[in-house]
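A quick write-up on the structure given underneath.
The values are calculated or read from the model by the stated rules, or taken from the named source; none is laboratory data. Everything numeric in this text was worked out from a predicted model, so none of it was measured. A quick note on method: Cβ atoms are made from the backbone with ideal geometry, for glycine too, and the neighbour counts reach across all protein chains shown. Remember, those area values only see protein heavy atoms, side chains included, never the ligands or the DNA or RNA. Shrake-Rupley method; radii C 1.70, N 1.55, O 1.52, S 1.80 Å.
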Amino acid sequence: MILVNENFGKLQASYLFSEIAKRVRAYQEANPQAAVIRLGIGDVTLPLAPACLEAMHRAVDELGHEATFRGYGPEQGYDFLREAIAKNDYQARGCDIQASEIFVSDGSKCDCANIQELFANEGMRIGIPDPVYPVYVDTNVMAGRTGAAVEGRYQGLVYLEGSAANGFVPAPPAGEPLDLIYLCFPNNPTGAVATREQLQAWVDYARANKALILFDAAYEAFIRDPAIPHSIYEIPGARDCAIEFRSFSKKAGFTGVRCAFTVVPQGLVAYAKDGTAVPLHQMWNRRHTTKFNGVSYPVQRAAEAVYSQDGVCETTQQVDYYLGNAKLIRAGIQALGLDCVGGDNSPYVWVNVKGDSWAFFDRLLHEAQVVTTPGAGFGKCGEGYIRISAFNDRAKVEEAMARIAKAIR
Ligand code: MLT
């Protein structure tokens, strides 16, 4: 008899963004005339930067000629892209990261889920921020690293609570040490950023406890405050205790193109039960080459172009455009007398709605025809908040804020 992975039974019925899509679909079917504005899932709306588009076109043409045709590429990514990443994203910021430590992939969501295959399924204390990007929790549930949920909290996870009091940046906890720690900055969903000192505290904690940090920096391109680190590797000691995830999705509008990367430093280890240190770089390389055939050549050429002179200029302008939207959202929300954080180094504005977040989500959908994301979908500590995404056209954001103001007033 074929047995099912019963851990799936512990999950909430549907993934957060699927549930939102379902509710929006139902509303649209019942109200076909309604012009719904989507500020829910963080999906880019600007077209690809010309530098990326041109690079992709050129690469596609190469594939059409015998002399320049390519079949399978290296699973870890082409050297041209790995080198551009190491040089521009890391070495230029003083981080000691080499091209050989970069693994190119088709998305950070997959990477931060897949990386778990390197770790034991039991016996680990996993620190998960709350509120948090739901993928970290759900994928640990699927892998059987948790018990069932009790009052919205999975047994076996250690929740690192974020609140207005700690600026949504939880500090390392006292008590029994964590083994695996998820951090995401700029944060999804709150938009909070972590200072150098706050990250140093986590790195010191991880090193002292032989723990590993999984650092999600998918929104790094939105940092405008020069004092805020873009990478965990800007923090001394991080090479010994952290894996970093990055994506071209939000940085360069690649949500539909698909390209990301994971940094696994040489020398980074996890431990066998008998205490033997096992290098994670080799393990991830083994997993990656076994289960992944690499990102397509034209997509990697487009990603490489993000680092060209024109690419930097064009993609920075795009990010600035979304940050301009975020500023409008913040101002609109504050004008309504509601508190919010985020939106200055992040595309997300996190709004305290002082009530049930799904009810508020439904109210905005029905009364303003604006889609947001209910904070409760990001964990228990997200209750009472909604997340508003700045990814949309300026005119639509302005219209959405006018409608929200009308509905709330
Ligand atoms: C979000 O809205 O949180 C993100 O777009 C989801 C993702 O990147 O997978």
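This table checks each residue for (1) in contact (Cβ under 8 Å) with a residue 12 or more places away in the chain; (2) open to solvent by 10 Å² or more (accessible area, probe 1.4 Å).
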residue	(1), (2)
VAL269	no, yes
HIS281	yes, yes
HIS288	yes, no
GLY294	yes, yes
VAL306	yes, no
GLY311	yes, no
VAL319	yes, no
LYS327	yes, yes
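Among the residues of the stretch 168-190, the one identified as among the acidic types (Asp, Glu) and buried (at least 19 other Cβ atoms within 10 Å of the Cβ) is ASP179. If the condition is being part of a strand (DSSP E or B) and more than 16 Å from the ligand (Cβ to nearest atom), then the stretch 91-120 contributes ILE102, PHE103, VAL104. Scanning the stretch 238-248 for residues that are farther than 30 Å from ASN392 by Cβ and either within 16 Å of the ligand (Cβ to nearest atom) or open to solvent by less than 10 Å² (accessible area, probe 1.4 Å) (or both) gives ALA238, CYS241, ALA242, ILE243. Tell me whether the stretch 62-84 contains one or more residues that are within 28 Å of the chain's Cα centre (by Cα), at positive phi and more than 16 Å from the ligand (Cβ to nearest atom). Yes. Does the stretch 121-132 contain any residue that is open to solvent by 10 Å² or more (accessible area, probe 1.4 Å), under 29 Å from LYS251 (Cβ atoms) and outside any loop (DSSP other than H, G, I, E, B)? There is at least one residue in the stretch 121-132 that is open to solvent by 10 Å² or more (accessible area, probe 1.4 Å), under 29 Å from LYS251 (Cβ atoms) and outside any loop (DSSP other than H, G, I, E, B). Within the stretch 1-44, restricting attention to residues that are more than 27 Å from GLY379 (Cα to Cα) and in a loop (DSSP other than H, G, I, E, B), which residue is most open to solvent (accessible area, probe 1.4 Å)? Ranking the qualifying residues of the stretch 1-44, first place goes to MET1.
Residue-wise test of (1) within 16 Å of the ligand (Cβ to nearest atom); (2) part of a loop (DSSP other than H, G, I, E, B); (3) buried (at least 17 other Cβ atoms within 10 Å of the Cβ).
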residue: ALA192; (1), (2), (3): yes, yes, yes
residue: ALA201; (1), (2), (3): no, no, no
residue: TYR205; (1), (2), (3): no, no, yes
residue: ALA221; (1), (2), (3): yes, no, yes
residue: ARG224; (1), (2), (3): no, yes, no
residue: HIS230; (1), (2), (3): no, yes, yes
residue: PRO236; (1), (2), (3): no, yes, no
residue: LYS250; (1), (2), (3): yes, no, yes
